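Asker: Here's a structure for you.
The values are calculated or read from the model by the stated rules, or taken from the named source; none is laboratory data. On a predicted model such as this, the values are computed, not experimentally measured, just so you know. Remember, those area values only see protein heavy atoms, side chains included, never the ligands or the DNA or RNA. Shrake-Rupley method; radii C 1.70, N 1.55, O 1.52, S 1.80 Å.
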Amino acid sequence: ALIRLEHGQPIRFGPNHTRGVVRDKTTGDLQVVTVTADNEADVLVHDARSASPTTAFALSRLADPDTLHHTPIGVFRSVDRPVYDTAMADQLDTAIEQKGKGDLAALLAGGDTWTVIG
């Protein structure tokens with residue numbers, strides 16, 4: 001019932017690895033099939049480092065929710081991406097380098113003011 005995901009390996013499982021995961025050529029959906037000589041080349045090779053999350057998401061939806069039959073386990077996706085805090089800190093540092101350190105009091109007491117009457 002378990003499908004072990006290993007990066008760079010064909011997604012095969014079951015007794016003697018006779019079952020495999022293939023992508024349907026017409027719909028793009030993933031399907032579990034019995035591997036034969038005719039479809040062995042179509043067995044999906046797991047790419048945990050793919051930039052697109054599409055296949056990882058499709059693999060996560062492969063299990064039957066009632067019986068948990070054909071349940072993938074392992075690393076679905078592993079990509080290096082910037083961390084929000086680091087990117088934000090870099091952006092602030094760049095702004096300070098280009099425009100200098102800001103002064104909140106000067107901004108609030110600046111010359112661009114108006115008076116509301118009424």
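Asker: Once you have the Cα-Cα distance between SER60 and GLU97, take 0.36 nm times their residue separation minus that, and quote the gain in nm to one decimal.
Answerer: Once the chain is fully extended between SER60 and GLU97, it gains 8.9 nm.
Asker: At 1.4 Å probe size, with every protein chain present, just tell me what the per residue accessible area of the chain comes to in Å².
Answerer: 79 Å²
Asker: Could you sort LEU92, LEU59, LEU107 by their accessible area in this structure, using a 1.4 Å probe and putting the largest first?
Answerer: LEU107, LEU92, LEU59
Asker: Another question, if that's okay. Taking θ = phi - 60°, what integer Hz values does the Karplus form 6.51 cos²θ - 1.76 cosθ + 1.60 yield along segment 31-48, in sequence order, with x for Gly and Pro?
Answerer: Coupling constants for segment 31-48: 9, 9, 9, 7, 6, 10, 4, 6, 10, 4, 6, 8, 5, 5, 9, 6, 10, 5 Hz.
Asker: Is it possible to state the helix-based mean residue ellipticity at 222 nm for the chain, with each DSSP H run of 4+ residues giving -39500 (n - 2.57), the sum divided by total residues, to the nearest 500 deg cm²/dmol? What is it?
Answerer: Estimated from H runs of four or more residues: -7000 deg cm²/dmol.
Asker: Given an 8 Å cut-off on Cα distances and at least 6 residues of separation, report the relative contact order of the chain as a percent.
Answerer: 24 percent
Asker: Tell me the angle of helix 84-99 to the major Cα principal axis of the chain, expressed in degrees between 0 and 90 and rounded to the nearest ten.
Answerer: With both axes taken from Cα atoms, the answer is about 30 degrees.
Asker: Provide, as a two-decimal number, the C-alpha radius of gyration of the chain over 2.2 N^0.38 Å, N being how many residues it has.
Answerer: For the chain, the normalised Cα radius of gyration is 1.96.
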